[in-house]
Amino acid sequence: MTEFTPLASLFGGALIGLAAVLLMAVHGRIAGMTGIVSGLMTPQGTDWGWRAAFLAGAIAAPAAIVAVLGPAAVPFESVVPLPWLAVGGILVGIGVTFASGCTSGHGVCGLARLSPRSIAAVLTFMATTGITVFIIRHVFGGF
Amino acid sequence: MARALFALLAGLVFGTGIAVAGMANPAKVLNFFDVAGTWDPSLAFVLGGAVIVTAIGYRLVLRRPKPLLDTTFHLPTNRRLDAPLIAGAAVFGIGWGITGFCPGGSIPALGLGQTSAVVFVVSMVTGIALARLARHVLATGGASRTA
């Protein structure tokens, strides 16, 4: 059970959008986590600096919030067993590479641009995520 | 230097947004998809807020000839609805449904010092490397056959 947080989630979402607009205005880049991480894995890439800086900021922000306001400020709960996290992580990595984007790249930036590819990707992954959660929780009674 | 500083700022805003929105919390994300059980509709507000701000901001920004610290806007040009897009999105969804982590949620979750976030991100990076290797082999395999 998690608490329904419409205002915090709307505000957090607006901040995610603000970050996407900032990255486009200054760097001309889509704020997609798949593309940013993937670009760091290319040794011949010349633009690793802004990617590494973006990732550092994205990791540092929650750490700073918890350091100042305490762990309750950023709730975290995961009951998924580690082997399943590994399996799911590999599937996510493979999927977002072939789809050229994830929730941030297709979901936020792509939908904002009304990209047909992103609309198709979001409808597809929302459907398979929902089906997967239903099967795990209500067919197998798992996590 | 200025490029790195602005990217750091964008990353900080992004990570704050993810944390405030609840997207760094796998249980909250999974509950959004559990309409038949412990449903938490918050994620719809995250996506709604993010898409509205981005849509308005992009319209203002993309009117300019170029970004502040680069020579051109790097926008995706591929318009094709092809099999890799749909199959990849489907596989991503299965992984998201198992774990509750998406790439954008998992990287900020690293800052919370959670083992599960580390295991997920290491596995995700492995998956990205495997997929890129597979794509490379498929591409060069086809080329060597025709050579």
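Here's the yes/no breakdown for (1) surrounded by fewer than 24 Cβ atoms within 10 Å (Cβ to Cβ); (2) more than 14 Å from the chain's Cα centre (by Cα); (3) in a helix (DSSP H, G or I):
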site: A:ALA86; (1), (2), (3): yes, yes, yes
site: A:GLY105; (1), (2), (3): no, no, yes
site: A:LEU111; (1), (2), (3): yes, yes, yes
site: A:GLY141; (1), (2), (3): yes, yes, no
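Checking A:GLY95 against (1) at the interface with chain B (Cβ under 7 Å from one of its Cβ atoms); (2) more than 15 Å from the chain's Cα centre (by Cα); (3) part of a helix (DSSP H, G or I): exactly one of these is not met. Which one?
(2)
Looking at segment B:14-25, which of its residues are part of a loop (DSSP other than H, G, I, E, B) and either among the hydrophobic types (A, V, I, L, M, F, W, C) or touching an Asp or Glu at 6+ places or on another chain (Cβ under 8 Å) (or both)?
B:MET23, B:ALA24, B:ASN25, listed by residue number.
Surrounded by 15 or more Cβ atoms within 10 Å (Cβ to Cβ) and either touching a helix residue (DSSP H, G or I) at 6+ places or on another chain (Cβ under 6 Å) or modelled with pLDDT of 95 or more (or both): is that true of B:ILE98 in this structure?
Against the criterion (surrounded by 15 or more Cβ atoms within 10 Å (Cβ to Cβ) and either touching a helix residue (DSSP H, G or I) at 6+ places or on another chain (Cβ under 6 Å) or modelled with pLDDT of 95 or more (or both)), B:ILE98 qualifies.
Each row is one residue, and each column tells you yes or no for (1) modelled with pLDDT under 95; (2) part of a helix (DSSP H, G or I).
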residue	(1), (2)
B:ARG3	yes, yes
B:ALA27	no, yes
B:PHE32	no, yes
B:ASP40	no, no
B:ALA44	no, yes
B:GLY48	no, yes
B:ILE56	no, yes
B:LEU60	no, yes
B:ARG63	no, no
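Just to be sure before I move on: is A:ALA25 under 18 Å from B:PHE101 (Cβ atoms) and within 7 Å of chain B (Cβ to nearest Cβ) in the structure I sent?
Here the answer is no, as A:ALA25 does not meet what is asked.
If you scan segment A:1-22, which residues turn out to be modelled with pLDDT under 95 and more than 7 Å from chain B (Cβ to nearest Cβ)?
Answer for segment A:1-22, where residues must be modelled with pLDDT under 95 and more than 7 Å from chain B (Cβ to nearest Cβ): just A:GLU3.
Got at least one residue in segment A:118-125 being more than 7 Å from chain B (Cβ to nearest Cβ) and polar (S, T, N, Q)?
Checking segment A:118-125: at least one residue is more than 7 Å from chain B (Cβ to nearest Cβ) and polar (S, T, N, Q).
Can you name the residue in segment A:33-50 that is surrounded by 22 or more Cβ atoms within 10 Å (Cβ to Cβ) and without any contact (Cβ under 8 Å) to a residue 40 or more places away in the chain and, of all such residues, is nearest to B:GLY113 (Cα to Cα)?
A:VAL37
Pairs please, first residue from segment B:37-53 and at the interface with chain A (Cβ under 7 Å from one of its Cβ atoms), second anywhere and among the charged types (D, E, K, R), Cβ atoms under 7 Å, 6+ apart in sequence or on different chains.
Listed by first residue and then by second, the contacts come to B:GLY37/A:ARG137; B:ASP40/B:LYS28; B:SER42/B:LYS28.
Is it fair to say B:LEU130 is at pLDDT 95 or above, surrounded by fewer than 23 Cβ atoms within 10 Å (Cβ to Cβ) and farther than 24 Å from A:ALA61 by Cβ?
Yes: the conditions hold for B:LEU130.
The values are calculated or read from the model by the stated rules, or taken from the named source; none is laboratory data. Quantities reported herein were computed from a predicted structural model and do not represent experimental measurements. In this analysis, Cβ positions are derived from the backbone assuming ideal geometry, glycine residues included, and neighbour counts consider all displayed protein chains.
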